[in-house]
Amino acid sequence: MSKTAFQDYDTVICGAGPAGLMAACTLGRLTGSARRILLLDKKEPWKEPIFCAEAVSTDRLNALWPIKPEWVRGPISGIYFTSPKGYRAEFYSKNCGSLLCRSKFHKDLADECVKNGVECHFNMVVQSLERANSGQWKIVIKNALGEELVVISKTVVDGTGPGARLTSGIKCLDGIESGDTDLEPAIFAVAEGIEHSREHIELFWGTEFPNGYGWIFPRDGVEVNIGFVLGKNADKRGSNRERLMNFIQAHYPRAKVKAVYGGMIACGQSNRPLAKCGLFKAGDSASCVNPISRSGIVEGLHCGKIVGECVFQWLGANSDALRLAAEAKAFDEWMKAYGKAHMQIAKAKVGLSQVKDCQFDKAAKKLCKLPREKQTMVRIFLTVLWSCPSLIWKMRSFLHDW
């Protein structure tokens, strides 16, 4: 369809990633099709490459949305932590994670949205958003024919991804969570001919990836996702594409690169609200990601669920005080679920960025001599920390809280 069914909505959700899809499904289920809910995305999310390594915690995803076998490329049973000289520590936990086919996963979530009465358009670009004189939101949309449409909504969910450019600069939203200054460069290639374990993620640490890390994520036993993320203040000498190609050539000279993708990703957590004036942010738009791993699939789903519940509460409120309470609840619930832990992880991130290559090598060399069952996440973290004694004092507040 090239037109929306209505001009007035109770909620317009912008962006059909994990956060937007989960917010729409949650709200649709809670309202029982009694509200006008519109979900928009500029493309069908299952028909384009998804810029993500696609690995998730099996338990955490199952708790939010039962996993279907057809979504899963394969199980993950561990992580290799590889130092600059190639020493490899291994965290092993059988079937602790899953490699998703995100396109199939997103398609099922979108179908569920439709079943729950959500009007979905995956060929419409949200061009602008502004506060109307009525106190509602005016959303300008361009459809696949290039025509401009205007809809009015009581509430809006911004699930448009890192940077949240759609909602930045709106005066009434001063003080709301924004990802504008909390972005990092990431790049990866889909490649063949790279030796890897089909059930392990491999992470690379050291100054080759300043304030970030490199990775190999298996896909189907043949292809891998190989790439890196750098800290937002990392030295920008040379292009990231050139860095990636040099890394692949140096370590995997027989690799065949099939495609390269890059962009800015969210990387942190703040104390600013997630909602104001009937506008809610969810997922990467609100920087709801793990500050060290930068993982955001399960986090986005969880945030979308919280936001969907809070929008439902907002729409049912009969006073400004109750609507403000619903907006505040979004932040409070997120902080209970992940936010407080992310604030602590962010402190550790600062310390890890100061570990020298020789210290990573020392820690990994010590760990790789231990039996697999003794290489726990806690031991891996503490061994890296103790290889760099000066960090213990710098990270004392984190260790106290931890």
- Message: Restricting to region 80-102, give me the number of residues that are touching a Cys at 6+ places or on another chain (Cβ under 9 Å), outside any loop (DSSP other than H, G, I, E, B), open to solvent by 10 Å² or more (accessible area, probe 1.4 Å) and closer than 18 Å to LEU370 by Cβ.
- Response: 2
- Among residues belonging to region 192-233 that are part of a loop (DSSP other than H, G, I, E, B) and open to solvent by less than 20 Å² (accessible area, probe 1.4 Å), point out the one that is nearest to LEU99 (Cα to Cα). ILE194
- Message: Against the condition touching a Leu at 6+ places or on another chain (Cβ under 6 Å), open to solvent by 50 Å² or more (accessible area, probe 1.4 Å), in contact (Cβ under 8 Å) with a residue 24 or more places away in the chain and not in a loop (DSSP other than H, G, I, E, B), how does PHE312 come out, does it pass?
- Response: yes
- In region 277-293, which residue that is at positive phi and out of contact with any strand residue (DSSP E or B) (no Cβ under 6 Å at 6 or more places or on another chain) is surrounded by the fewest Cβ atoms within 10 Å (Cβ to Cβ)? CYS277
- Message: Given the options GLU327, GLU333, name the one that is open to solvent by 40 Å² or more (accessible area, probe 1.4 Å), closer than 30 Å to SER33 by Cβ and modelled with pLDDT of 90 or more.
- Response: GLU333
- Looking at (1) more than 30 Å from PHE204 (Cβ to Cβ); (2) small (Gly, Ala, Ser); (3) surrounded by 14 or more Cβ atoms within 10 Å (Cβ to Cβ), find the lone condition where GLY339 falls short. (1)
- Message: Looking at region 32-52 only, could you name the residues that are farther than 14 Å from CYS101 by Cβ and open to solvent by 10 Å² or more (accessible area, probe 1.4 Å)?
- Response: GLY32, SER33, ALA34, ARG35, ARG36, ASP41, LYS42, LYS43, GLU44, PHE51
- Note on the structure: Going through region 53-63 in order, the residues found to be outside any strand (DSSP E or B), in contact with a helix residue (DSSP H, G or I) (Cβ under 6 Å, 6 or more places away or on another chain) and either buried (at least 18 other Cβ atoms within 10 Å of the Cβ) or acidic (Asp, Glu) (or both) are GLU54, LEU61
- Item | Selection count, region 354-377, where residues are surrounded by fewer than 16 Cβ atoms within 10 Å (Cβ to Cβ), under 30 Å from the mean Cα position of the chain (by Cα), of a type outside the set (Val, Ile, Thr) and part of a loop (DSSP other than H, G, I, E, B) | 2
- Apart from one, (1) outside any loop (DSSP other than H, G, I, E, B); (2) open to solvent by 20 Å² or more (accessible area, probe 1.4 Å) all hold for ILE141; the odd one out is (2)
- Task: Check off (1) open to solvent by 60 Å² or more (accessible area, probe 1.4 Å); (2) assigned to a loop (DSSP other than H, G, I, E, B) for SER270 and give me the number that stays unchecked.
- Result: (1)
- Residue pairs meeting the criteria (Cβ under 6 Å; at least 6 apart or on separate chains; first free of Cβ contacts under 8 Å to residues at least 40 places away in the same chain, in region 61-90; second assigned to a loop (DSSP other than H, G, I, E, B)): TRP71/CYS101
- Task: Find the residue count for region 150-207, including only residues that are at pLDDT 95 or above and on the phi > 0 side of the Ramachandran plot.
- Result: 1
- Query: Do the conditions hold for VAL12, that is, is it modelled with pLDDT under 95, crowded, with 24+ Cβ neighbours inside 10 Å and outside any helix (DSSP H, G or I)?
  - Reply: no
- Message: Condition first: of a type in the set (D, E, K, R), closer than 26 Å to ALA24 by Cβ and at pLDDT 90 or above. Can you find one or more residues in region 260-279 that meet it?
- Response: yes
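The values are calculated or read from the model by the stated rules, or taken from the named source; none is laboratory data. What you see is a predicted model, and the numbers here were worked out from it, not measured in a lab. Because the Cβ atoms are built from the backbone with ideal geometry, glycine has one as well, and the counts that use them run over all protein chains shown. The area values use the complete protein model at the heavy-atom level, side chains included, leaving out ligands, DNA and RNA. Shrake-Rupley method; radii C 1.70, N 1.55, O 1.52, S 1.80 Å.
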